[in-house]
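Report on one structure; see the data block that follows.
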Amino acid sequence: MRKLGILFLAIATLSCGEKESAESGSSNLLENFSFSVDTVIVDPGEEIINLSRGVNLSSLNESKTHFYLLDEQEGHVKKISLDQLVLEEIIPFEKEGPNGIGANYHTKALLLPGEDFLFTSFQVSGIFSKEGKLLKDLKIKPDDIQIEGMEESESNNLTNQFTLAKDRKTAFSLPGNFIAGSRKLVKMDLENATGKILPIPAMDIAGQFRILLESKEAMSIYVESINLQEFEDALYISAQPTNKIYRYDYDTDSMQLLEYDFQLVPDQKENPIQNKVSSKEEFDAQMDKALTQISFEKLLYDSKNERFYRFGRIYKPKLEGEDRYTRARVFLFAFDKELNLIGETEISELEKVPDSPFFKDGKLWSYVNVEDELGFAVFTFDF
């Protein structure tokens with residue numbers, strides 16, 4: 001394998017036009033927003049970094065010095081130095097057997113403190129040591145745990161969006177009946193096998209934009225995502241169709257709903273869609289209605305500058321002959337550490353939201369595939 005090292009593919013300085021104040025009487029941090037971007041490539045040495053699933057099964061250590069990517073095909077985790085941009089180590093795991101992480105269909109591969117790993121899949125969910133030993137089995141079945149108020153039809157996917165608290169004794173997930181469009185936030189006490197439902201009614205809008213195709217030939221479903229994210233000592237719950245955010249405080253066991261009045265885009269999807277259809281043509285038409293309205297991405301946290309960011313996008317209609325939505329209007333929203341809105345802008349130079357983004361040392365990193373090599377676009381923000 002040729003050694004590529006660091007490759008600067010593009011250096012550009014892009015600027016967005018002036019925007020009105022994000023809040024009456026306050027300044028807009030992003031009013032004169034501009035950015036430059038460099039593209040860097042990881043040197044894999046003699047190995048191959050499998051990018052068939054992109055970097056969906058990746059994780060970062062707390063200091064953001066290393067990037068961990070699960071290769072489902074090989075059952076290995078590739079440990080990549082982001083400072084040196086090299087493949088530093090390959091961490092092997094068994095696929096089958098008592099210490100098996102599962103062969104495929106993983107939904108999460110998360111690094112934990114001490115270089116332990118949380119793997120979740122349809123087959124296996126558990127905490128594994130770097131040496132490949134199963135430390136804690138987290139495959140939770142409905143009969144294994146008592147959750148007050150949970151209906152049977154909603155309890156069959158208790159590891160959906162499974163999020164483990166730092167004490168490893170508490171977990172959160174978003175089980176539900178996807179066909180009916182319902183999802184519940186559940187807090188689980190893993191030691192006592194009990195749990196409770198934490199109401200998140202502001203996220204119910206996600207169910208209003210599901211699309212179910214049922215016909216003699218096929219069955220398909222589209223659902224808008226609800227996301228669970230942990231930053232420092234709080235859990236954040238957000239959803240694609242709304243700018244509202246829940247913040248759950250671990251220390252006080254309390255939930256707070258944060259609401260916003262954006263100036264550049266609607267605060268949520270507004271045009272209703274048909275939830276059940278019987279043909280592919282109807283399915284595509286309703287998808288077009290859903291995707292050409294505002295959608296919000298996951299939260300991003302810049303620990304160096306103590307700011308949150310969130311991208312938004314509105315897909316442009318597909319051109320004739322296009323199979324996928326490839327072009328969008330892209331928006332960026334900025335928040336302070338307490339999630340108060342401090343800025344918003346449209347980034348007209350971008351036609352898509354950066355892929356799998358994260359902040360490192362005050363800069364936004366985003367996955368790019370450069371001729372089947374692992375690369376990152378590194379954005380430097382200026383205000």
At the level of C-alpha centres, the distance separating segment 281-307 and segment 334-383, in angstrom, is 14 Å
Cα→Cβ-extended label distance, 7 Å offset, between Val86 and Asn369, nm | 2.7 nm
Rel. contact order, % - alpha carbon contacts under 8 angstrom, at least six apart, the chain | 14 percent
For Thr65 and Ser27, FRET efficiency with R0 = 41 Å and r from the beta-carbon atoms, rounded to 0.05?
-> 0.75
Could you check which residue among Tyr105, Tyr367, Tyr222 shows the biggest mean-square fluctuation in a GNM of the chain with a 10 Å Cα cutoff?
-> Tyr105
Checked against a 22 Å limit on the C-alpha separation, the offending pairs among Lys95/Lys136; Lys133/Lys298; Lys79/Lys337; Lys184/Lys352 are Lys133/Lys298; Lys79/Lys337; Lys184/Lys352
Compute the separation of the alpha-carbon centres of segment 214-270 and segment 147-163 and state it in Å as a whole number.
-> 18 Å
Along segment 266-281, what does the Karplus equation 6.51 cos²θ - 1.76 cosθ + 1.60 (θ = phi - 60°) give for ³J(HN,Hα), rounded to whole Hz, x for Gly and Pro?
-> x, 6, 6, 4, 10, 8, x, 10, 8, 7, 10, 9, 10, 9, 5, 5
Give me the distance in nm between label points sitting 7 Å out from Cα along the Cα-to-Cβ direction at Lys130 and Thr107, one decimal.
-> 2.9 nm
Which lysines have a Cα lying under 22 Å from the Cα of Lys280, excluding residues fewer than 8 positions away in the same chain?
-> Lys216, Lys289, Lys316, Lys318
Taking 7 Å along the Cα-to-C-beta vector as the label spot, tell me the Lys298-Ile221 distance in nanometres, rounded to one decimal.
-> 2.2 nm
Of the DSSP beta bridges with both residues in segment 93-358, give the percent that are antiparallel, rounding to the nearest 5.
-> 95 percent
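Where a number appears in this text, it was derived from the coordinates with a stated rule and is not lab data. For clarity, every value in this text was computed on a predicted model and none was experimentally measured. Counting neighbours? That spans all protein chains shown, and the Cβs are built from the backbone with ideal geometry, glycine included.
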